[in-house]
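Here is the structure we will look at, set down as structure tokens.
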Amino acid sequence: MIIDVHVHTYNRSHDALLGSRLFQEIVTRARKAGIDRIVISSLGRTAYLPYPSSQEVREANDDVLKLMQEFPEEVYGLCYLNPRNPDWKEEMQRCYDRGMIGIKLWIAVKASSPILFPVIEAAMQRNLFIQQHSFLKSRGNYRDESEPFDVARLGIEYPQARIIMAHAGGNGREGLKAIAPMPNIYVDTSGGVPECGVIENAVAILGSQRVLFGSDAPGRSYAVQQAKITAASIPAAVKRRIMGSNFQEFIRHEDN
Amino acid sequence: MKIIDVDLHIGQWLHNSAVQSSLATLQKAIRRHGIEYGLATPLESILAEDNLEVNYRFFKEIEGYSLQIMPMLALNPQQPGLEKAMERYIDQAAGIKLFHRFQRYNLSDSLLEIIYETAQSTQQPIVIPLHLFEERIAVHYFDYLEEVKVEDLLQTADAWPAVNFVFSAPLPYEAIELLAAGRKNIFVTTSFLEGEGLLEEIIDKYGVQKILYGSNYPFFYMEASLRKLCSQSFSRHMMEHIYFNNANNIFRSDR
């Protein structure tokens, strides 16, 4: 089973680059690429919104709920939150009640910020995992964009929280080393160019069980991002783990 | 289906030990992936201090390899040996390669006129890589890298309408800006063009003749670039153009 743990919905800002696409195409294209299940979030209906209002968050999550309803066998939903909004908890509960399995955090708040702590606690109470964007940019991150060191601090603060740090390639070796001591932090392979060595580094630093396949489609291609794993110089059994079974175990852990 | 990969490099990249390729490993890789011809450039040419020296080494080394690997003549107009390198290797080369962004010069610099004139008189295309690696995290050594200025690229192409310019490895929005300008002598490669629906959109809008296949190996996995095209809903006719015909028309692989 191939599971892509990092997918977004098409939004209006994609039109210029990717053409006007049917809402459902993100699922049908995954199917065509041989992917069995996708874990999807929306970062906004009009564009990727870094500090979405409560209304914008609800719209984004409604889009994911719609896909979950239409493709119940293929789509897992993540609840996008802006922890700065006063009603984040109500939105988390609404998404949880409708079957979402995790929380998506982008760049509204750094992962190490205490603003985030109540969100993590509420997520843990509901057995929801956290997918946290992170990047280690050589010319500096956005104001509230997490670096891997922020994610590592969050992992120390909440060792029982299950966290997926997004973008193995965007965090570099240094970033992967920062989260290596925390067994509750996984990394997904999403985004970035298909540069040689990224997956090999992730496996060497984190081991074969904490690396999860993610594409970051539609901004990235399902096929290219899969090839990062299939072409990597790692054993076939490890590739299979990354492509799906690691996430299945991760989810089972949630259930327990 | 025949494939020409116009975006290949030889050598080791100091900043990522996983990025390395010798002529022997490249030959093996292109055979394994069913590539008919590969147009290769030595990575050392980016930092080389003499045009003649670096091309001498490369063209000599490549003599022992199959004709499947076609050498590009890498030139830096700021370094010595430019005229001699062109005189000696222009006829053996598949095209001229300029790394202006990485070598910090402007394409409109008068030093380049001799290169453009030579390209025009010999009908050699000029390939200009716009990106090589993930710049958001890897530019420590290349801190000086500036944004690609599409306007400058268009001006250069306009100044030399009889020369074909292949801008290799543009980012999606750069490729779209380049193609939207509608210049006859501008082409782009696929290596950095990624997104669900992106290539379909580009081909719909600007035609299939403008796109050449490139892998950016060994920076990227060859398999990733090949799968990018296979996963799209292109007709065989379109695939033949992207994979082979377009490059074959520009680079004259029968040379």
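Read-outs: derived from the displayed coordinates by stated rules, not from any lab. Keep in mind the model is a prediction, meaning the values are calculated, not measured. Cβ atoms come from the backbone with ideal geometry, glycine included; neighbour counts cover every protein chain shown.
Taken over region B:69-86, the residue count meeting the criterion of being farther than 16 Å from B:Tyr116 by Cα and surrounded by fewer than 16 Cβ atoms within 10 Å (Cβ to Cβ) is 1.
Look at (1) in contact (Cβ under 8 Å) with a residue 24 or more places away in the chain; (2) more than 18 Å from the chain's Cα centre (by Cα); (3) within 14 Å of another protein chain (Cβ to nearest Cβ); (4) not in a loop (DSSP other than H, G, I, E, B) and you find that A:Gly34 fails only one, number (4). Filter region A:191-210 for residues that are in a loop (DSSP other than H, G, I, E, B) and away from chain B (no Cβ under 12 Å); which is surrounded by the fewest Cβ atoms within 10 Å (Cβ to Cβ)? So, considering only residues that are in a loop (DSSP other than H, G, I, E, B) and away from chain B (no Cβ under 12 Å), the one surrounded by the fewest Cβ atoms within 10 Å (Cβ to Cβ) is A:Gly207.
Report yes if B:Phe234 is surrounded by fewer than 20 Cβ atoms within 10 Å (Cβ to Cβ) and more than 10 Å from chain A (Cβ to nearest Cβ), otherwise no.
Judged against the criteria, B:Phe234 is a match.
A:Asn82 meets all of the listed conditions (1) within 24 Å of B:Glu196 (Cα to Cα); (2) touching a Phe, Trp or Tyr at 6+ places or on another chain (Cβ under 8 Å) but one, namely (1). Checking each residue in region B:95-136 for being within 14 Å of chain A (Cβ to nearest Cβ) and touching a residue at least 12 places away in the same chain (Cβ under 8 Å) picks out B:Pro129, B:Leu130, B:His131, B:Leu132, B:Phe133.
Scanning region B:137-170 for residues that are within 14 Å of chain A (Cβ to nearest Cβ), without any contact (Cβ under 8 Å) to a residue 60 or more places away in the chain and buried (at least 18 other Cβ atoms within 10 Å of the Cβ) yields B:Ile137, B:Pro170.
Quickly run through region B:203-228 and pick out the residues that are in a helix (DSSP H, G or I) and more than 9 Å from chain A (Cβ to nearest Cβ).
B:Ile203, B:Tyr206, B:Val208, B:Gln209, B:Lys210
Picking from residues in region A:197-234 that are among the β-branched types (Val, Ile, Thr) and touching a Phe, Trp or Tyr at 6+ places or on another chain (Cβ under 8 Å), the one that is farthest from A:Gly19 (Cα to Cα) is A:Val211.
Only one of the numbered conditions (1) farther than 19 Å from A:Arg37 by Cα; (2) surrounded by fewer than 20 Cβ atoms within 10 Å (Cβ to Cβ); (3) in contact (Cβ under 8 Å) with a residue 24 or more places away in the chain is violated by A:Asp97, and that is (3).
If the condition is being within 14 Å of another protein chain (Cβ to nearest Cβ), assigned to a loop (DSSP other than H, G, I, E, B) and either crowded, with 24+ Cβ neighbours inside 10 Å or without any contact (Cβ under 8 Å) to a residue 12 or more places away in the chain (or both), then region A:232-256 contributes only A:Ala232. Answer yes if at least one residue in region A:79-92 is buried (at least 19 other Cβ atoms within 10 Å of the Cβ), among the aromatic types (Phe, Trp, Tyr) and within 17 Å of the chain's Cα centre (by Cα), and no otherwise. Yes, the conditions are met somewhere in region A:79-92. Taken as a whole, the condition of being surrounded by fewer than 24 Cβ atoms within 10 Å (Cβ to Cβ), at the interface with chain B (Cβ under 8 Å from one of its Cβ atoms) and hydrophobic (A, V, I, L, M, F, W, C) applies to A:Ala227. Residues that are surrounded by fewer than 21 Cβ atoms within 10 Å (Cβ to Cβ), assigned to a loop (DSSP other than H, G, I, E, B) and not polar (S, T, N, Q) within region B:87-98 comprise B:Ile90, B:Asp91, listed in sequence order. Of the strands (runs of 3 or more DSSP E) lying entirely inside region A:60-177, those containing at least 1 residues that are among the hydrophobic types (A, V, I, L, M, F, W, C) and touching a Lys or Arg at 6+ places or on another chain (Cβ under 8 Å) span A:75-80, A:129-132. Take A:Ser146 and decide whether it is among the hydroxyl-bearing types (Ser, Thr, Tyr) and touching an Asp or Glu at 6+ places or on another chain (Cβ under 9 Å). When the stated conditions are applied, A:Ser146 does not pass them.
The number of residues in region A:24-46 that are surrounded by 13 or more Cβ atoms within 10 Å (Cβ to Cβ), touching a helix residue (DSSP H, G or I) at 6+ places or on another chain (Cβ under 7 Å) and of a type outside the set (Lys, Arg) comes to 11.
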